[in-house]
1. Hey, if you put +1 on the Cβ of every Lys and Arg and -1 on every Asp and Glu Cβ in segment 2-176, which of 78, 148, 95 ends up farthest toward the positive end of that dipole?
2. Between 313, 390, 104, whose Cα lies farthest towards the positive end of the dipole of the chain when Lys and Arg beta carbons carry +1 and Asp and Glu beta carbons carry -1, centred on the Cα centre?
3. Checking the a/c ratio against 1.5 first, then a/b against b/c, what shape does the Cα gyration tensor give for segment 323-389?
4. Rounded, prolate or oblate for segment 188-282? Axes are the square roots of the Cα gyration tensor eigenvalues, ordered a ≥ b ≥ c, and the cut-off for rounded is a/c under 1.5.
5. With the cut-off at 41 Å, report for the chain the share of all Cα pairs above it, as a whole percent.
6. Classify segment 46-89 as rounded, prolate or oblate from the Cα gyration tensor: take a ≥ b ≥ c as the square roots of its eigenvalues, call it rounded if a/c is under 1.5, otherwise prolate when a/b beats b/c and oblate if not.
7. What are the semi-axes of the equivalent ellipsoid for segment 48-158, taken as the square roots of 5 times the Cα gyration tensor eigenvalues, largest first, in whole Å?
8. Only four residue types carry charge here, +1 at the Cβ of Lys and Arg and -1 at the Cβ of Asp and Glu. Report the dipole size of the chain about the Cα centre in Debye, rounded to the nearest 20.
Amino acid sequence: MRRRLIAASLAGSIGDGIYVPLTLLFVHSLTGLSLTAIGAGLTVAGLCALAFMPVVGVLIDRIGARRVVVGALALRAAGFAVYPFAGSFPAFLAVALVVAVGMWASSPGQHALIGELARGAERDRLLAWDRSLRNGGMGFGSLAAAGLLAVDGDAGFTGATVALAAVFAVAAALVTRIPAAGRGAGRPEAVGEGYRQVLADRPYLLLTAANFLIAFGYTTQAIALPIFLTRDVGIPGALAGIVFAVNTVLVAALGVPVARLTLRGRRTRGAALGALVFALSFAAFAVLPRLVSGTDALVAVLVVAVFYTAGELVHSAPSQSLSVQAAPGHLRGRYLSVYQLSWSLCRTVAPLLLGFLLEAGPWLLWVVLALTVLAGAAILLYAERGLPAHAVSPRHLPRAAPGQVRA
């Protein structure tokens, strides 16, 4: 059961690694549409997909996370399979919406599935493995994307279409072979529960708000850091890619062992510590252009990048576990769908906000980011006293029930 779940997660992350770096070029080559039209269509599709998230939460709670994950993966496989036939803008928009819904639904569905299959420390370990392998798969997929770009003409993008449809279909097939698990916490959904209860759960909403703020630390690497390194630090674009390689390798290799350490204490404090390390790394980035130049710049950037990665490693495991452990079993789908909005909204507004800050100057960019993640850390510490004891500390975790996943 565990091997199938991990294999499906790895396959899906390889698909993400292929698609994300190639998105604009991929769609442009397949559809012939302008980059402006594609950018607008992808934005509209992403925003419309967010409107489906409440439905995804209800489906997880009603029919089970496994079926939702299979459906999300199948949507992505079907979407990529028909992309070459989406020659008009309406057709492209429809396909992009299908892919976006599958993409946004995958994360809460996957975490809810892990919540159904395991409890307590076993759940933490599965979440850590899932996160680590996803980073490794993304890195492998990015290498595959680079290889596809080297193919002349449209053959590389056609190959990417086939590869994407295949990996998501394989992932869906693997998830279908996972035995169905008991859902919820052993009691049915009561009248008046649902999203009303989620919105009334102030500690969980604080947890979600904190993640929204700290998520800017993650989006910075893909959006703002490349421009900062090449424009303000003076590192060649080819060498700037080393920073992302270092981050990917460290997160994939150290994700599980670091998770074991950070999950021994209180999750809220572990996640807050990770946000603090983020803030310190941002302060270091802010002073880099003033302190280093030439050949020393790359060494200094790599040192700060390792420090930044340490913040990601320390924050990611306890924060993700908090979101799953603090959600009541019978409403886990709705809770995780709301939590997913913190990631989705951040990724939606980050290009606009970070672009504005980059234009204003690198010092302002890093100061705002440091204050943002520190605010998220403060909210986490404030929310601690209102969260369930078993969600905050592993000392209160229930043991795995008979028939559930064991490490």
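1. 78
2. 390
3. Oblate is the answer for segment 323-389, as a/c is 1.5 or above yet b/c matches or exceeds a/b.
4. Values: a/c = 2.75, a/b = 1.96, b/c = 1.40.
Since a/c reaches 1.5 and a/b is larger than b/c, the shape of segment 188-282 is classed as prolate.
5. Details: 9715 of 82621 pairs.
The share of Cα pairs beyond 41 Å in the chain comes to 12 percent.
6. Details: a/c = 4.78, a/b = 1.72, b/c = 2.78.
Since a/c reaches 1.5 but b/c is at least a/b, the shape of segment 46-89 is classed as oblate.
7. On the way: eigenvalues 173, 89, 16 Å².
Ellipsoid half-lengths, sorted descending, are 29, 21, 9 Å.
8. Working: 31 positive and 16 negative charges, 346 e Å.
The dipole of the chain has a size of about 1660 debye.
Here, each number is a calculation from the coordinates, and none is a lab measurement. Model, not experiment: these values are computed from the prediction. Counting neighbours? That spans all protein chains shown, and the Cβs are built from the backbone with ideal geometry, glycine included.
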